[in-house]
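The values are calculated or read from the model by the stated rules, or taken from the named source; none is laboratory data. These figures come from a predicted structure and were not determined experimentally. Because the Cβ atoms are built from the backbone with ideal geometry, glycine has one as well, and the counts that use them run over all protein chains shown.
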Amino acid sequence: MIKLGIAGVCGKMGRRIFEFASGDKDFDITLALEKKGTPVIGKELGKIKVSSSPDGLFLIDVFVDLTAPEATEANLDYVARYKKALVLGTTGLNEAQLRKVEDVSKIVPIVFSPNMAIGVNVLFSILPEIAKRLGPDYSIEIVEAHHKTKKDAPSGTAKKIGQVLADATGKAIPTHAIRLGDIVGDHTVIFCGNSERIEIKHQAHSRDLFALGALKAAKWVMGKPAGLYSMQDVLKQ
(Lines give C-alpha, C1' and ligand atoms only; values in the text may rest on other atoms or scores of the structure.)
Protein backbone atom coordinates (compact mmCIF):
# COMPACT_ATOMS: atom_id res chain seq x y z
CA MET A 1 0.00 0.00 0.00
CA ILE A 2 1.26 3.47 -0.92
CA LYS A 3 1.34 6.04 1.87
CA LEU A 4 0.08 9.16 0.13
CA GLY A 5 0.39 12.85 0.92
CA ILE A 6 -1.83 15.42 -0.80
CA ALA A 7 -1.07 19.14 -1.03
CA GLY A 8 -3.96 21.63 -1.03
CA VAL A 9 -6.27 18.87 0.08
CA CYS A 10 -9.28 21.17 0.60
CA GLY A 11 -9.00 22.89 -2.77
CA LYS A 12 -11.08 21.82 -5.76
CA MET A 13 -8.33 19.65 -7.20
CA GLY A 14 -6.91 18.35 -3.94
CA ARG A 15 -10.32 17.33 -2.66
CA ARG A 16 -11.03 15.18 -5.74
CA ILE A 17 -7.63 13.51 -5.43
CA PHE A 18 -8.44 12.82 -1.77
CA GLU A 19 -11.86 11.36 -2.59
CA PHE A 20 -10.58 9.06 -5.32
CA ALA A 21 -7.57 7.94 -3.26
CA SER A 22 -9.84 7.23 -0.28
CA GLY A 23 -11.73 4.70 -2.38
CA ASP A 24 -8.60 3.05 -3.81
CA LYS A 25 -7.21 0.07 -1.88
CA ASP A 26 -3.70 0.86 -3.15
CA PHE A 27 -3.52 4.10 -1.13
CA ASP A 28 -3.33 4.99 2.53
CA ILE A 29 -3.68 8.79 2.89
CA THR A 30 -1.14 9.69 5.55
CA LEU A 31 -0.83 13.45 5.04
CA ALA A 32 -3.60 15.92 4.16
CA LEU A 33 -1.78 19.24 3.77
CA GLU A 34 -3.16 22.78 3.64
CA LYS A 35 -1.53 26.19 3.93
CA LYS A 36 -1.20 27.83 7.33
CA GLY A 37 -4.16 29.95 8.33
CA THR A 38 -6.72 27.82 6.51
CA PRO A 39 -9.76 27.38 8.82
CA VAL A 40 -9.84 23.59 8.30
CA ILE A 41 -6.42 23.03 9.91
CA GLY A 42 -6.77 20.48 12.69
CA LYS A 43 -10.21 19.33 11.55
CA GLU A 44 -10.91 15.78 10.46
CA LEU A 45 -11.14 14.93 6.78
CA GLY A 46 -12.19 11.32 6.52
CA LYS A 47 -9.95 9.42 8.92
CA ILE A 48 -7.17 12.02 9.04
CA LYS A 49 -6.74 15.53 10.38
CA VAL A 50 -5.78 18.34 8.02
CA SER A 51 -2.26 19.58 8.73
CA SER A 52 -0.29 22.70 7.88
CA SER A 53 3.12 21.11 8.57
CA PRO A 54 5.10 19.87 5.54
CA ASP A 55 7.28 18.00 8.03
CA GLY A 56 4.53 15.39 7.82
CA LEU A 57 6.15 14.28 4.57
CA PHE A 58 8.42 12.02 6.59
CA LEU A 59 5.38 9.73 7.04
CA ILE A 60 4.59 9.19 3.35
CA ASP A 61 5.86 7.41 0.22
CA VAL A 62 4.50 9.68 -2.52
CA PHE A 63 3.45 13.33 -2.41
CA VAL A 64 0.95 14.79 -4.90
CA ASP A 65 1.09 18.54 -5.54
CA LEU A 66 -1.27 20.28 -7.95
CA THR A 67 -1.40 23.62 -6.18
CA ALA A 68 0.21 27.02 -6.80
CA PRO A 69 3.81 28.00 -7.63
CA GLU A 70 4.59 29.52 -4.23
CA ALA A 71 3.32 26.46 -2.36
CA THR A 72 5.10 24.07 -4.70
CA GLU A 73 8.40 25.92 -4.30
CA ALA A 74 8.22 25.45 -0.52
CA ASN A 75 7.06 21.84 -0.81
CA LEU A 76 10.04 20.96 -3.01
CA ASP A 77 12.36 21.68 -0.08
CA TYR A 78 10.56 19.14 2.08
CA VAL A 79 10.36 16.54 -0.70
CA ALA A 80 14.13 16.79 -1.06
CA ARG A 81 14.73 16.80 2.72
CA TYR A 82 12.73 13.63 3.33
CA LYS A 83 13.54 12.03 -0.06
CA LYS A 84 9.96 11.34 -1.09
CA ALA A 85 8.63 10.69 -4.60
CA LEU A 86 6.61 13.55 -6.08
CA VAL A 87 3.77 13.87 -8.59
CA LEU A 88 3.78 17.50 -9.67
CA GLY A 89 1.09 19.15 -11.78
CA THR A 90 1.40 22.78 -10.71
CA THR A 91 1.43 25.23 -13.63
CA GLY A 92 2.73 28.79 -13.87
CA LEU A 93 6.16 27.98 -12.42
CA ASN A 94 8.80 30.59 -13.25
CA GLU A 95 12.27 29.79 -14.57
CA ALA A 96 13.86 29.66 -11.11
CA GLN A 97 11.14 27.33 -9.85
CA LEU A 98 11.52 25.07 -12.89
CA ARG A 99 15.26 24.85 -12.22
CA LYS A 100 14.46 23.91 -8.65
CA VAL A 101 12.25 21.06 -9.90
CA GLU A 102 15.18 19.83 -12.00
CA ASP A 103 17.56 20.09 -9.03
CA VAL A 104 15.23 18.16 -6.70
CA SER A 105 14.70 15.47 -9.38
CA LYS A 106 18.39 14.59 -8.93
CA ILE A 107 17.51 13.56 -5.37
CA VAL A 108 14.03 12.01 -5.75
CA PRO A 109 11.80 10.73 -8.59
CA ILE A 110 9.40 13.38 -9.90
CA VAL A 111 6.57 12.95 -12.41
CA PHE A 112 6.06 16.48 -13.73
CA SER A 113 3.32 17.35 -16.20
CA PRO A 114 1.25 20.50 -16.75
CA ASN A 115 -1.74 18.25 -17.39
CA MET A 116 -2.33 14.83 -15.83
CA ALA A 117 -5.16 13.87 -18.23
CA ILE A 118 -4.35 10.74 -20.22
CA GLY A 119 -5.94 12.10 -23.41
CA VAL A 120 -3.90 15.31 -23.35
CA ASN A 121 -0.69 13.36 -22.89
CA VAL A 122 -1.54 11.21 -25.89
CA LEU A 123 -1.90 14.47 -27.84
CA PHE A 124 1.57 15.54 -26.73
CA SER A 125 2.95 12.45 -28.45
CA ILE A 126 0.94 12.49 -31.71
CA LEU A 127 0.81 16.20 -32.57
CA PRO A 128 4.47 16.43 -33.64
CA GLU A 129 3.96 13.57 -36.09
CA ILE A 130 0.91 15.29 -37.59
CA ALA A 131 2.86 18.53 -37.98
CA LYS A 132 5.76 16.75 -39.69
CA ARG A 133 3.50 14.91 -42.12
CA LEU A 134 1.57 18.05 -43.09
CA GLY A 135 4.78 19.96 -43.62
CA PRO A 136 5.63 23.66 -43.78
CA ASP A 137 2.68 24.63 -46.01
CA TYR A 138 0.32 24.28 -43.03
CA SER A 139 0.11 27.04 -40.43
CA ILE A 140 -0.47 26.03 -36.81
CA GLU A 141 -2.12 27.93 -33.98
CA ILE A 142 -3.39 26.97 -30.53
CA VAL A 143 -6.55 28.21 -28.81
CA GLU A 144 -7.10 27.39 -25.13
CA ALA A 145 -10.00 28.28 -22.83
CA HIS A 146 -10.29 28.03 -19.04
CA HIS A 147 -12.41 29.38 -16.18
CA LYS A 148 -12.19 33.08 -15.38
CA THR A 149 -10.25 32.54 -12.14
CA LYS A 150 -7.32 30.69 -13.69
CA LYS A 151 -4.23 32.78 -13.03
CA ASP A 152 -1.76 31.69 -15.69
CA ALA A 153 -2.31 32.40 -19.38
CA PRO A 154 -1.52 30.68 -21.64
CA SER A 155 -2.10 27.51 -19.69
CA GLY A 156 0.72 25.12 -18.90
CA THR A 157 -0.89 22.60 -21.23
CA ALA A 158 -0.98 25.08 -24.11
CA LYS A 159 2.67 25.93 -23.50
CA LYS A 160 3.57 22.24 -23.60
CA ILE A 161 1.62 21.74 -26.84
CA GLY A 162 3.37 24.76 -28.30
CA GLN A 163 6.74 23.39 -27.19
CA VAL A 164 6.33 19.95 -28.76
CA LEU A 165 5.06 21.50 -32.00
CA ALA A 166 7.88 24.06 -32.08
CA ASP A 167 10.40 21.24 -31.58
CA ALA A 168 8.84 19.39 -34.53
CA THR A 169 8.56 22.36 -36.90
CA GLY A 170 11.31 24.72 -35.82
CA LYS A 171 8.76 27.52 -35.59
CA ALA A 172 7.11 29.33 -32.68
CA ILE A 173 3.42 28.48 -32.42
CA PRO A 174 0.96 31.36 -31.77
CA THR A 175 -1.30 30.71 -28.79
CA HIS A 176 -4.57 32.42 -27.84
CA ALA A 177 -5.94 32.28 -24.29
CA ILE A 178 -9.60 32.70 -23.27
CA ARG A 179 -10.78 33.10 -19.66
CA LEU A 180 -14.55 32.79 -19.30
CA GLY A 181 -17.09 31.41 -16.85
CA ASP A 182 -16.40 27.96 -15.40
CA ILE A 183 -14.68 26.26 -18.35
CA VAL A 184 -12.64 23.37 -16.93
CA GLY A 185 -10.18 23.26 -19.83
CA ASP A 186 -10.39 23.26 -23.64
CA HIS A 187 -7.39 23.05 -25.96
CA THR A 188 -7.66 23.24 -29.75
CA VAL A 189 -4.80 22.87 -32.23
CA ILE A 190 -5.56 24.20 -35.71
CA PHE A 191 -3.58 23.07 -38.75
CA CYS A 192 -4.56 25.22 -41.73
CA GLY A 193 -3.51 24.82 -45.37
CA ASN A 194 -4.70 26.67 -48.45
CA SER A 195 -7.69 24.40 -49.08
CA GLU A 196 -8.33 22.54 -45.85
CA ARG A 197 -8.24 22.82 -42.10
CA ILE A 198 -7.69 20.20 -39.43
CA GLU A 199 -8.70 20.88 -35.83
CA ILE A 200 -7.75 18.61 -32.94
CA LYS A 201 -9.52 19.41 -29.69
CA HIS A 202 -9.38 18.14 -26.14
CA GLN A 203 -12.13 19.11 -23.70
CA ALA A 204 -12.00 18.39 -19.99
CA HIS A 205 -15.53 17.77 -18.71
CA SER A 206 -14.50 17.76 -15.05
CA ARG A 207 -11.41 17.86 -12.84
CA ASP A 208 -11.81 14.14 -12.20
CA LEU A 209 -9.59 13.20 -15.14
CA PHE A 210 -6.71 15.24 -13.66
CA ALA A 211 -7.15 13.61 -10.26
CA LEU A 212 -7.24 10.10 -11.72
CA GLY A 213 -4.20 10.80 -13.86
CA ALA A 214 -2.28 12.08 -10.84
CA LEU A 215 -3.08 8.92 -8.88
CA LYS A 216 -2.03 6.76 -11.83
CA ALA A 217 1.28 8.64 -11.79
CA ALA A 218 1.57 8.15 -8.01
CA LYS A 219 1.32 4.38 -8.42
CA TRP A 220 3.87 4.42 -11.23
CA VAL A 221 6.50 6.59 -9.52
CA MET A 222 6.57 4.52 -6.34
CA GLY A 223 10.00 2.92 -6.08
CA LYS A 224 11.46 4.60 -9.18
CA PRO A 225 15.02 5.96 -9.10
CA ALA A 226 15.63 9.70 -8.84
CA GLY A 227 14.92 11.53 -12.08
CA LEU A 228 12.54 13.85 -13.89
CA TYR A 229 9.73 11.90 -15.54
CA SER A 230 6.61 12.87 -17.48
CA MET A 231 3.18 11.35 -18.02
CA GLN A 232 4.61 9.99 -21.26
CA ASP A 233 6.76 7.70 -19.10
CA VAL A 234 3.75 6.72 -17.00
CA LEU A 235 1.72 5.81 -20.09
CA LYS A 236 4.44 3.63 -21.62
CA GLN A 237 3.45 0.76 -19.34
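Here are a few things to note about the model shown:
- Residues in segment 132-150 that are out of contact with any helix residue (DSSP H, G or I) (no Cβ under 6 Å at 6 or more places or on another chain) and acidic (Asp, Glu) were compared, and the one that is nearest to VAL101 (Cα to Cα) is GLU141.
- Within segment 76-107, the set of residues being hydrophobic (A, V, I, L, M, F, W, C) and either farther than 23 Å from HIS146 by Cα or at pLDDT 95 or above (or both) comprises LEU76, VAL79, ALA80, ALA85, LEU86, VAL87, LEU88, ALA96, LEU98, VAL101, VAL104, ILE107.
- Here segment 5-53 is the region considered, the condition is being assigned to a strand (DSSP E or B) and of a type in the set (D, E, K, R), and the residue that is farthest from TRP220 (Cα to Cα) is GLU44.
- Being buried (at least 22 other Cβ atoms within 10 Å of the Cβ), part of a strand (DSSP E or B) and in contact (Cβ under 8 Å) with a residue 12 or more places away in the chain holds for only one residue in VAL143, VAL111, and it is VAL111.
- Scanning segment 190-213 for residues that are part of a loop (DSSP other than H, G, I, E, B) and either at positive phi or charged (D, E, K, R) (or both) returns GLU196, ARG207.
- Among the residues of segment 43-55, the ones that are surrounded by 11 or more Cβ atoms within 10 Å (Cβ to Cβ), farther than 15 Å from THR67 by Cβ and of a type outside the set (A, V, I, L, M, F, W, C) come to 5 in all.
- Per the listing GLU129, GLU95, the residue uniquely out of contact with any helix residue (DSSP H, G or I) (no Cβ under 9 Å at 6 or more places or on another chain) and surrounded by fewer than 22 Cβ atoms within 10 Å (Cβ to Cβ) is GLU95.
- In segment 56-85, residue surrounded by the fewest Cβ atoms within 10 Å (Cβ to Cβ) [restricted to those that are touching a residue at least 60 places away in the same chain (Cβ under 8 Å) and farther than 20 Å from GLN97 by Cβ]: ASP61
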